[in-house]
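Please read the structure below before turning to the comments.
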Amino acid sequence: MSSQIVTRFAPSPTGFMHVGGVRTALYAWAWARKNNGKFILRIEDTDKAREVEGSIEHIMESLKWLGITWDEGPDIGGINAPYIQSQRLESYKKYANILIKKGLAYPDPYSEEEVTTFRKKAEEEKRAFLYREYRPKVFDEWDGTKPLRFKVPNIKEYTWSDAVRGEMSAGVEALDDFILIKSDGYPTYNFAHIIDDYEMGVTHVMRADEFIASTPKFLSLYEALDFVPPVLVTLPPILGEEGNKKLGKRDGAKDILEYKEEGYLPEAMLNFLAFLGWNPGGEKEIMTPKEITESFSLEKIHKAGAMFDEKKLLWMNKEHIRLQSSDTQLQTVKSYMKDYSDDILNKLLPTIIDRISTYGELSSIETSEFRFFLNRPKVDIEKVICKDTGKDEAKKHLEAVKEILKDADFSSVDAIKKLIMPYAEEHGKGNVLWPLRMSLSGQEKSVDPFTICYALGKDETIARIDTVCNKIDS
RNA sequence: GGCCCCAUCGUCUAUCGGUUAGGACAUCGGCUUUUCAUGCCGGUAAGCGGAGUUCGACUCUCCGUGGGGUCACCA
């Protein structure tokens, strides 16, 4: 029990989730699942100013969509409840008092303006700002109106081990008297996450590499509190498509649920994100969520950042669509093509699956290449007639095909094909099949003529041919 | 600027001292297809530079270069 792996995802409720956040959650979740451990969802809402209404629900919806399930969290509770930091203020106060008693925490005597002045001075002198250079000689009593700062006990060079990056180190410039509790009574991330991870028994902390720089501060605090630090797992950044900038909300990182709207499959997104910064080593790239959690390992997480390539995501989505059962495919297609009859969709399914990369492509009737199955198309007679043949010949072939189809077996695409092909080969495939396909679909880009006949059915097929033949005459 | 991290095809990556540096996406060409799409076959394309260690370096070390992160009462 004591050796159980415990991971967590601890977002702040400041808006939607983008791919970076999702991937962090995914790795923490995958590692817990791989080890039959526990995955906790915790909300870090200590910055009330940045909080966005509805974020928590949005985050949970995003995770649920992807199948990232948590064992403890704000909605389901658990032995470490509560899971929202603003409801855990007593804990932070308790440990703050322990630090005060040890002489390792003190109220910041300066005003915000004064601190800003110190910072500007350091900036002008082109050196890192260190608050501890201004540390007061005597500590006042903390009455809660001033920020409470951590007095770094040992100014030393820290070295530590990261599960991904290996041995790491930092200079003494990385250590400073950071704020534990803000003047509004809420703790900072730097303090709160350490207390929570400890109290919740978190064994592995996954987070992006922007936290490397503050790791010495965390280490110093673990020491002061006599906590055993968790295993640190630094994740590589996800870069935007254009440049090498880290992908963030400001440079167009999308809400993960937008991909849901666009008809992406959650398992494809999971697969894609998993491989953006991790690779099991083989040449297999398409993996189910189960395969991913089973083969997940910390050693295989990459150090270098990776660009988010939507083209590859699109391809991956197509592959995952093909992995679905035909029944699931049909149900999904139906939900996107509500205006089409079940009969047509049943017959068209293989063709549809063959041509789409996301189900979302089916949502717009206006631009759908299948729309002529729904309504009779406006047929441009000029385009029906082959350049090489005259309109008389085009009509002759259409009439001939019609005669063949009249008594044809419409039970399969192949049956129809077998009947028409001999005639088509005799008179030139293009001369016969082009007018046929154009007559039925009215568009140059579309499905092959045999599948069209099959899906439309005998009556509709013949009716459409008749319509065109009459039009050629007039 | 200080501190820290990173570095293989355009992109995602394999390689854990000895390989014709492999795969995938994208791209290009061919075949299949009446067109489009699919499918199949094939091509172009990479170890940032310089020292060192070694019989041998993409792989180990150092320097440089480039990119990134951080230096908040944000996380």
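Bear in mind these aren't lab numbers, they're just calculated from the coordinates by the rules spelled out. Being a predicted model, the structure only gives us computed values, none of them experimental. A quick note on method: Cβ atoms are made from the backbone with ideal geometry, for glycine too, and the neighbour counts reach across all protein chains shown.
Between A:Glu51 and A:Ser214, how high is the FRET efficiency from 1/(1 + (r/R0)^6) when r is the Cβ-Cβ distance and R₀ = 25 Å? Nearest 0.05.
Working: r = 22 Å, r/R0 = 0.89.
Once the sixth-power term is evaluated, E becomes 0.65.
In terms of surrounding Cβ atoms within a 10 Å radius of their Cβ, A:Phe178, A:Phe218, A:Phe9 rank from fewest to most as A:Phe178, A:Phe218, A:Phe9.
At a Förster distance of 60 Å, what's the computed FRET efficiency of A:Asp466 paired with A:Lys284, Cβ-Cβ distance as r, to 0.05?
On the way: r = 53 Å, r/R0 = 0.88.
The pair A:Asp466/A:Lys284 has a calculated efficiency of 0.70.
Each of A:Cys469, A:Cys453 was scored by other Cβ atoms within 10 Å of its Cβ. Arranged with the fewest first, they read A:Cys469, A:Cys453. Available extension along the chain between A:Arg376 and A:Lys311 is 20.0 nm, counting 0.36 nm per residue and deducting the alpha carbon span. Projecting the Cα atoms of A:Ser439, A:Ala424, A:Leu405 onto the charge dipole of the stretch A:381-473 (Cβ charges, centred on the Cα centre) puts A:Ser439 farthest toward the positive pole. Rounded to the nearest 0.05, the FRET efficiency derived from the C-beta distance between A:Asp407 and A:Ala81 at R0 = 60 Å is 0.25. With neighbour counts taken as other beta-carbon atoms within 10 Å, the residues A:Val401, A:Val413 rank, fewest first, as A:Val413, A:Val401.
Taking square-rooted eigenvalues a ≥ b ≥ c of the alpha carbon gyration tensor, is the stretch A:119-182 rounded, prolate or oblate, where a/c under 1.5 means rounded and, failing that, a/b exceeding b/c means prolate? Provide the component values of the computation, followed by the final result.
Working: a/c = 2.36, a/b = 1.49, b/c = 1.59.
Here the stretch A:119-182 falls in the oblate category.
Projecting the Cα atoms of A:Gly73, A:Tyr92, A:Leu330 onto the charge dipole of chain A, computed from C-beta unit charges around the Cα centre, puts A:Tyr92 farthest toward the positive end.
Based solely on its DSSP helices, what 222 nm [θ] is calculated for chain A when runs of n ≥ 4 H residues each add -39,500 (n - 2.57) and the sum is averaged over all residues, nearest 500 deg cm²/dmol?
Working: 18 runs with 209 residues, N = 474.
That comes out to -13500 deg cm²/dmol.
Projecting label points 7 angstrom from Cα along Cα→Cβ for A:Asp392 and A:Glu141 puts them 11.4 nm apart. For a straight C-alpha distance cut-off of 27 angstrom, the lysines reachable from A:Lys471 (same-chain residues fewer than eight places away being disregarded) are A:Lys378, A:Lys383, A:Lys387, A:Lys391, A:Lys395, A:Lys396, A:Lys402, A:Lys406, A:Lys417, A:Lys429, A:Lys445, A:Lys458.
Between A:Ile155 and A:His302, what length in nm is gained on full extension when 0.36 nm per residue of separation is reduced by their alpha carbon distance? Write down the numbers at each step before the final one.
Values: separation 147, 0.36 × 147 = 52.92 nm, distance 3.12 nm.
49.8 nm is the gain from fully extending A:Ile155 to A:His302.
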